[in-house]
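Throughout, read-outs are computed from the coordinates displayed, never taken from laboratory work. These figures come from a predicted structure and were not determined experimentally. Note: ideal-geometry Cβ built from the backbone for every residue, glycine included; neighbour counts use all protein chains shown.
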């Protein structure tokens, strides 16, 4: 029986999402699963939960800076909190949606490239020049990237992703769903792995 | 060189604190550390961070119910979300402070007994009868328990714990500090263990 993919809801500006992106492909491979990448915008999710970005919260923000840097070391992932932070990610997300609609083999490479550009290399991924340069390395034309970013259907699909996330109970990012079982946070990967193996 | 204890800030009504209480003694033993139990009240911490109890939050509350039950299974710990939830925990915390002041050997047993009574057995730990019954099993007189609960110095010490927690950056519970390194959440125990071993 074919197994369903791991669905990963993420925002390109979420640092814990970045860590998840760095780790999830190995996890999926170990369990013979694909990955359904679902780019969302955390702004509307925070509006629904009443939350603010972690980094901006009293006490939690200071802790999060320590925890993010240490978590990256723990997982062996290069990481630095970029400036400016956070940035708008709807253009990067729209390009991903364009690649997905085109059934492009560059879907996962785009996710990897954009997230690493921001959190490992400090490039501003809200900047179209950055997206064009990242696209060029994957063989994508700047005109194609601009067309996806301006496409009304793709704009609408990104809003649909956010609605779908809220309906699915997504309360933050990264958020994983495997066979209807929800897992919130990169720290839930060990539970998710045991769940895929043993349905404990 | 003697090592410092693991400091654990917790609220007796916090379900993730309960999981931490069930796990921390084994962790401490593996690393030849003692445990400094610091009972706090999450209400003032939530006021400082602008947070509400997890269970009451839109989306997060529903997820938390799933995650708590699954986390308990993952760790092999008996657990059921009690009714009523949450409850007032200042009396249970004051008894713990009284035991600590008396250098009683019943400090850790009291922490274990109160948290298990609430989250494994469903007893209302805001109820003095419950505390008396739990105390009786540990050889504590009801009159002694009542005296601690009414002691102005102990009442003041509990407030001091909350102030100390906020100064230390405690943004939720359970919150661990080891040699000045902060760890928030029972899901950070693996990082804390590696940190105690390797200072990564």
For peptide A:48-60, compute the average count of partner chain beta-carbon atoms within 10 Å of each residue's beta-carbon. 5
Cβ-vector label at 7 Å, residue B:194, separations to other copies in nm: 1.8
Using a/c under 1.5 as the rounded threshold, could you call segment A:80-121 rounded, prolate or oblate? The axes a ≥ b ≥ c are square roots of the C-alpha gyration tensor eigenvalues, and prolate needs a/b larger than b/c, oblate otherwise. oblate
Exam field: residue B:156 pseudo-label spacings to other copies (7 Å along Cα-Cβ), nanometres: 6.8
Quick calc of log₁₀ I(q)/I(0), the protein assembly as shown, Debye, one scatterer on every Cα, no solvent, q values 0.13 1/Å, result -1.10
Kindly put A:83, B:89 in sequence by how many other C-beta atoms sit within 10 Å of each C-beta, fewest to most. A:83, B:89
So for A:60, B:155, fewest C-beta neighbours within 10 Å to most, what's the order? B:155, A:60
Run a plain Debye calculation on segment A:6-198 (Cα atoms as equal point scatterers, no solvent) and give log10 I(q)/I(0) at q = 0.14, 0.19 Å⁻¹, rounded to two decimals, same order as the q list. -0.79, -1.49
Alpha-carbon centroids, segment A:128-150 and segment A:1-69: separation in whole Å: 24 Å
Return the percentage of antiparallel bridges among DSSP beta bridges fully within chain A, rounded to the nearest 5 %. 60 percent
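For a Förster distance of 45 Å, can you work out the FRET efficiency between the beta-carbons of residue A:88 and residue B:180, rounded to the nearest 0.05?
Values: r = 37 Å, r/R0 = 0.81.
Efficiency, rounded to the nearest 0.05: 0.80.
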Residue B:36/residue A:55 FRET efficiency (R0 41 Å; Cβ-Cβ; nearest 0.05): 0.90
Quick one: compute the contact order of segment B:6-198, relative version, from alpha carbon pairs under 8 angstrom and 6+ residues apart, as a percent. 33 percent
For residue B:127, go 7 angstrom from Cα along the Cα-to-Cβ vector, then report the distances to that same point in the other copies in nm, smallest first. 6.4
Count, for each residue of B:148-158, the Cβ atoms from other chains sitting within 10 Å of its Cβ, then give me the mean as a whole number. 0
Computed E for residue A:144/residue A:62 - FRET, C-beta separation, R0 56 angstrom, nearest 0.05: 0.85
Return the whole-Å distance between the Cα centroid of segment B:78-121 and the Cα centroid of segment A:160-200. 32 Å
Mind checking A:165-176 for the average number of partner chain beta-carbons within 10 Å of each residue's beta-carbon? 2
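Can you give the helix-only mean residue ellipticity at 222 nm for chain B, where every DSSP H stretch with n ≥ 4 adds -39500 (n - 2.57) and the sum goes over all residues, rounded to the nearest 500 deg cm²/dmol?
Values: 9 runs with 110 residues, N = 200.
Taking each H run of at least 4 residues, the total per residue is -17000 deg cm²/dmol.
Using 0.36 nm per residue, how much length does the chain from residue A:26 to residue A:112 gain when fully extended, once their Cα-Cα distance is taken away?
The residue A:26-residue A:112 span can extend by a further 29.7 nm.
Please order B:151, B:129 by the number of other Cβ within 10 Å, starting at the fewest. Before the final figure, lay out each step's value.
Working: B:151 15, B:129 10.
Fewest-to-most ranking of B:151, B:129: B:129, B:151.
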Can you name the residue in chain A whose Cβ lies closest to the A-to-B rotation axis, and give that gap in whole Å? A:187, 2
